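The values are calculated or read from the model by the stated rules, or taken from the named source; none is laboratory data. Not measured: the values here are computed from a predicted model. Note: ideal-geometry Cβ built from the backbone for every residue, glycine included; neighbour counts use all protein chains shown. To get the accessible areas, we keep the full protein, side chains included, count just its heavy atoms, and leave off ligands, DNA and RNA. Shrake-Rupley method; radii C 1.70, N 1.55, O 1.52, S 1.80 Å.
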Amino acid sequence: MTNQIVINGRDDPKPHFVLVPLMAQGHTIPMIDMARLLAGRGVHVSVITTPVNAARIKTVIERVKASQLSIEFVPLPFPCSAVGLPEGCENIDTLPSKDHLHSFLDACALLREPLILHLKEQKLHPSCIISDVCHTWTGDVAQEFRIPRFAFNGFGGFSLLCRHIILTNELDKKTSDEMEVIVMPGFPHHLELLKAQMPGSFGGRGMEKFAEELKADQQRFDGMLVNTFDDLEALYIESFQKAIGKKVWTIGPMSLYNKDVADMAARGNLASIDENHCLRWLDSMKPNSVIYVSFGSLASPIPPQLVEIGLGLEASNHPFIWVIRAGDKSPEVEKWLSEGFEERVRSRGLIIRGWAPQVMILSHPAIGGFMTHCGWNSTLEGVTAGVPMVTWPHFAEQFVNEKLLVEVLKIGVAVGVKKMTRWGVESSEVLVKKDDVQKAVSTLMDEGEDGVERRKRAREMGKKARKAMEEGGSSYENMTLLIKQVQTDMLQLA
Ligand code: UDP
């Protein structure tokens, strides 16, 4: 796996990249893949984390140690009490409510001094920082060490451009009618969005100030890294790059770092299912026959919505793997599952309560479709696996990702949800009924002409994704260029 690059000569110092992920699974997972990709290319990497988050990714840390990749995980104590957060609340998925997001980001910013101190103690001087776009405070750390800093943004190119256009034109303020159709001015092609589906401000207490900080930070960082690839999104990345006036590097799909089952299964939290059991179950199914249903790490549909999903899957008659966050959190769903549903679907349904080894599942030949909430990582993982998707966006930029899958790539079938649910705010509404779930699954898995063409397009894009990450591929070469640039900067500063 080590395709080390010698940049300017044998005695060049080893570059030291400092990665500062945002502590939310959808942001941390790709940055850990990034760390391993960089280390595989001869770079020393420090990954900044916190004790609770380090414990969660214990398996990954152990695997990295065993692989002898030059990566150090640095757990800095997280100052919960200083900002009034409950002790141990070190990840966005454990916040008591959305209104705590601002305190959480304040606590992150308090890591500035401990990080500077830690880096000062290291033998290897840092060469650059790659930090989540939300960690604007890392600008001061980069300044302290006079090193470049790149922002990692968990969005894809299509949604980055869309969000940029919305914010610079204040499109979200132009109408109060949530159902008004808004055309994106200056988008490379015609694109319409409902006001209700626009990724704009974060919402939540104190977040306007943070939005301003993000905007200001755009002037400070030296470039942006995006988990995507040129064959998928070059058009949007080019426009976005022009719009922000900064270099944007496409370096994905980074999930492709994970080649063996153990790596794939260890991503994120510990899986709530034995991976061998899961693989045996998948092995027992016909190729392309199973639909995998998951809504990522943050969305949590209300119990009556989960029941509609279950009934729709049952009525579709297709085999399925369904990831639900029920268990202790939702006794009523557990009750419903055990009162007949699980028994009725036993021969063709596998329910995973908690955390699924998603990339491992998606890469199995039995998977024929993915019902997704369109978080960017899941969207890209579905594209990479070459499977068509049922799109069911919930919040953030997910409706925009749906547009990319359904209208542009034509590898998605929309379940038909129009309104955002708000992350962290319980909705009392059932947005999609059983019949719509069934209809979307049946359309996706259909073996008629449309279904076959959709599957073919998905497979082709999956091939292109893999090519991008191979030696000579666009993302592979972009990573080489990035490392070279950092090394050149190091030599100039020396
Ligand atoms: N994921 C996983 N197992 C789960 C749920 C999520 O491995 O049970 C991973 C998934 O593969 C993806 C990430 O968690 O890499 C979720 O990121 P995404 O951007 O799709 O959505 P978010 O969770 O940020 O809404």
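Before we move on, is ALA315 in contact (Cβ under 8 Å) with a residue 40 or more places away in the chain and within 16 Å of the ligand (Cβ to nearest atom)?
No.
Can you name every residue in region 397-410 that is within 12 Å of the ligand (Cβ to nearest atom) and touching a strand residue (DSSP E or B) at 6+ places or on another chain (Cβ under 9 Å)?
GLN398, ASN401
Go through region 15-43 and give me each residue that's of a type in the set (D, E, K, R) and either within 16 Å of the ligand (Cβ to nearest atom) or buried (at least 24 other Cβ atoms within 10 Å of the Cβ) (or both).
The answer is ASP33, ARG36.
Determine, yes or no, whether TRP355 is within 14 Å of the ligand (Cβ to nearest atom), at pLDDT below 95 and within 28 Å of VAL400 (Cα to Cα).
yes
When you scan region 284-302, how many residues do you find that are open to solvent by less than 40 Å² (accessible area, probe 1.4 Å), closer than 18 Å to GLN438 by Cα and more than 11 Å from the ligand (Cβ to nearest atom)?
4
Starting from region 164-185, take each residue that is under 24 Å from GLN218 (Cα atoms) and list its partners that are in a loop (DSSP other than H, G, I, E, B) and hydrophobic (A, V, I, L, M, F, W, C), counting only C-beta distances under 7 angstrom and pairs at least six apart or across chains.
Close Cβ pairs (under 7 Å, with a partner that is in a loop (DSSP other than H, G, I, E, B) and hydrophobic (A, V, I, L, M, F, W, C)) amount to ILE165/MET184; ILE165/PHE187; ILE166/MET198; LEU171/MET198; ASP172/MET198; MET184/LEU191.
Taking region 71-84, which residues are of a type outside the set (A, V, I, L, M, F, W, C) and within 24 Å of the chain's Cα centre (by Cα)?
If the condition is that a residue be of a type outside the set (A, V, I, L, M, F, W, C) and within 24 Å of the chain's Cα centre (by Cα), then GLU72, PRO75 are the ones that fit.
Answer with yes or no whether GLU275 is of a type in the set (Asp, Glu), within 12 Å of the ligand (Cβ to nearest atom) and buried (at least 17 other Cβ atoms within 10 Å of the Cβ).
Against the criterion (of a type in the set (Asp, Glu), within 12 Å of the ligand (Cβ to nearest atom) and buried (at least 17 other Cβ atoms within 10 Å of the Cβ)), GLU275 qualifies.
Would you please name the residue that is most open to solvent (accessible area, probe 1.4 Å), looking only at residues in region 375-396 that are farther than 19 Å from MET31 by Cα, in a loop (DSSP other than H, G, I, E, B) and within 13 Å of the ligand (Cβ to nearest atom)?
Result: ALA396.
Give the residue that is most open to solvent (accessible area, probe 1.4 Å), with candidates limited to residues of region 397-429 that are of a type in the set (Val, Ile, Thr) and at pLDDT below 85.
VAL425
Residue by residue, here is whether (1) away from the ligand (no atom under 15 Å from the Cβ); (2) touching a residue at least 24 places away in the same chain (Cβ under 8 Å); (3) of a type in the set (Gly, Ala, Ser) holds:
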site	(1), (2), (3)
PRO331	yes, no, no
GLU334	yes, no, no
VAL345	yes, yes, no
LEU350	no, yes, no
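Would you please name the residue that is farthest from the chain's Cα centre (by Cα), looking only at residues in region 247-280 that are farther than 16 Å from GLY156 by Cα and among the basic types (Lys, Arg)?
Looking at the filtered set, the residue picked out is ARG280.
How many of the residues making up region 217-270 are β-branched (Val, Ile, Thr), within 16 Å of the ligand (Cβ to nearest atom) and not in a helix (DSSP H, G or I)?
Within region 217-270, residues that are β-branched (Val, Ile, Thr), within 16 Å of the ligand (Cβ to nearest atom) and not in a helix (DSSP H, G or I) number 3.
Among ALA55, ALA82, which is the only one that is open to solvent by 40 Å² or more (accessible area, probe 1.4 Å), within 30 Å of MET479 (Cβ to Cβ) and outside any strand (DSSP E or B)?
None of the other options fit; the residue is ALA55.
Output yes when any residue across region 364-371 is within 12 Å of VAL323 (Cβ to Cβ) and buried (at least 24 other Cβ atoms within 10 Å of the Cβ), and no when none is.
Yes - at least one qualifying residue is present in region 364-371.
What are the pairs with Cβ atoms under 6 angstrom where one residue, in region 284-298, is on the phi > 0 side of the Ramachandran plot and the other, located anywhere, is more than 16 Å from the ligand (Cβ to nearest atom)? Sequence gap at least six, or different chains.
From region 284-298, the pairs are ASN288/GLY368.
Out of everything in region 363-374 that is outside any loop (DSSP other than H, G, I, E, B) and farther than 30 Å from ILE166 by Cα, what residue ends up being farthest from the ligand (Cβ to nearest atom)?
Once the filter is applied, the top-ranked residue is GLY368.
For residues in region 85-97 being open to solvent by less than 30 Å² (accessible area, probe 1.4 Å) and within 19 Å of the chain's Cα centre (by Cα), which is farthest from GLN25 (Cα to Cα)?
So the residue we want is LEU95.
Do we have any residue at all in region 444-454 that's of a type in the set (Lys, Arg), crowded, with 19+ Cβ neighbours inside 10 Å and touching a helix residue (DSSP H, G or I) at 6+ places or on another chain (Cβ under 9 Å)?
Taking every residue of region 444-454 in turn, at least one turns out to be of a type in the set (Lys, Arg), crowded, with 19+ Cβ neighbours inside 10 Å and touching a helix residue (DSSP H, G or I) at 6+ places or on another chain (Cβ under 9 Å).
Run VAL74 past the list (1) closer than 22 Å to PRO114 by Cβ; (2) buried (at least 20 other Cβ atoms within 10 Å of the Cβ); (3) touching a residue at least 40 places away in the same chain (Cβ under 8 Å) and report the number of the one that doesn't hold.
For VAL74, the exception is condition (2).
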